[in-house]
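Only one structure is covered here, and it is reproduced in the block below.
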Amino acid sequence: MVAPVYDSRVSSGLANPSFFNWPKHATTELARLRPEAVAFIIGTNDYPIVSGKQVECSTWAADYAARTEAMMRLLVGPQQRTVFWISPPIVRDTKMAAALRQIGEVQRTVARRFPSVVWIDAYSLFDDAQGQYASRIVDEQGKTITVRASAGKVAASRTEGTTACTSNSL
């Protein structure tokens, strides 16, 4: 039996730890919860890093990869727990969407270094057949379903954050 714990911080990301420090917070929460698995969605609020608004344009990818690797290493821990790392989804704004695609690719590259990290491409999960933003998609049964809340946000998740699954016996 699992007991999910939802933990999020609106407008947070990895690129600006002075706003919210995910590694510091995760260290405390991992020790407290001792999860068997973690689901972590991050990156949507990091899009300004791609444009050079937070770091030098030429170094953003290396900087973000280092932050991503440190976070993955922390979440995996010495016990090699399974981490479901969920990339940022596609958004309506095309410039922001392009930045999020790049962030997702950095995350995917880093995730390949960790056998227990399962990288989930949320960008492609929430686009249409042409790879464009979609508020409704066709599911596996051929039914059209709504996948967005208002303002182009993904209906299932509106903030950056983690869900840690722990055993009820803890």
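The values are calculated or read from the model by the stated rules, or taken from the named source; none is laboratory data. Just so it is clear, the model here is predicted, and its values are computed rather than measured. Please note: Cβ atoms are built from the backbone with ideal geometry, for glycine as well, and neighbour counts cover all protein chains shown. Note: areas computed on protein heavy atoms with side chains; ligands, DNA, RNA excluded. Shrake-Rupley method; radii C 1.70, N 1.55, O 1.52, S 1.80 Å.
Restricting attention to the range 1-88, which chymotrypsin sites (Phe, Trp or Tyr not before Pro) occupy a DSSP loop and are surrounded by at most 12 other Cβ atoms within 10 Å? Please report the intermediate quantities before stating the final value.
On the way: sites: TYR6, PHE19, PHE20, PHE40, TRP60, TYR64, PHE84, TRP85; in loops: PHE19, PHE20.
Passing sites in the range 1-88 are PHE19.
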Per-q log10 I(q)/I(0), the range 4-124, q = 0.15, 0.16, 0.18 Å⁻¹ (Debye; single scatterer per alpha-carbon; no solvent):
-0.64, -0.73, -0.93
Could you tell me the calculated FRET efficiency between ALA129 and LYS24, based on Cβ-Cβ distance and R0 = 45 angstrom, to the nearest 0.05?
0.60
Which one of SER87, PHE40, SER51 has its Cα pushed farthest toward the positive end of the charge dipole of the range 23-139, where Lys and Arg give +1 and Asp and Glu give -1 at the Cβ?
PHE40
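May I ask you to compute the full-extension gain from SER58 to ILE137, defined as 0.36 nm times their residue separation minus their alpha-carbon distance, rounded to one decimal in nm?
Details: separation 79, 0.36 × 79 = 28.44 nm, distance 3.60 nm.
Gain on stretching SER58 to ILE137: 24.8 nm.
In whole percent, what relative contact order does the range 62-145 give with Cα contacts below 8 Å and a gap of six or more residues?
Answer for the range 62-145 is 30 percent.
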Note down the nm distance, to one decimal, between modelled labels 7 Å out along Cα→Cβ at TYR6 and at GLU105.
3.3
Accessible surface of THR109 - all protein chains present, 1.4 Å probe, nearest 10 Å²:
70
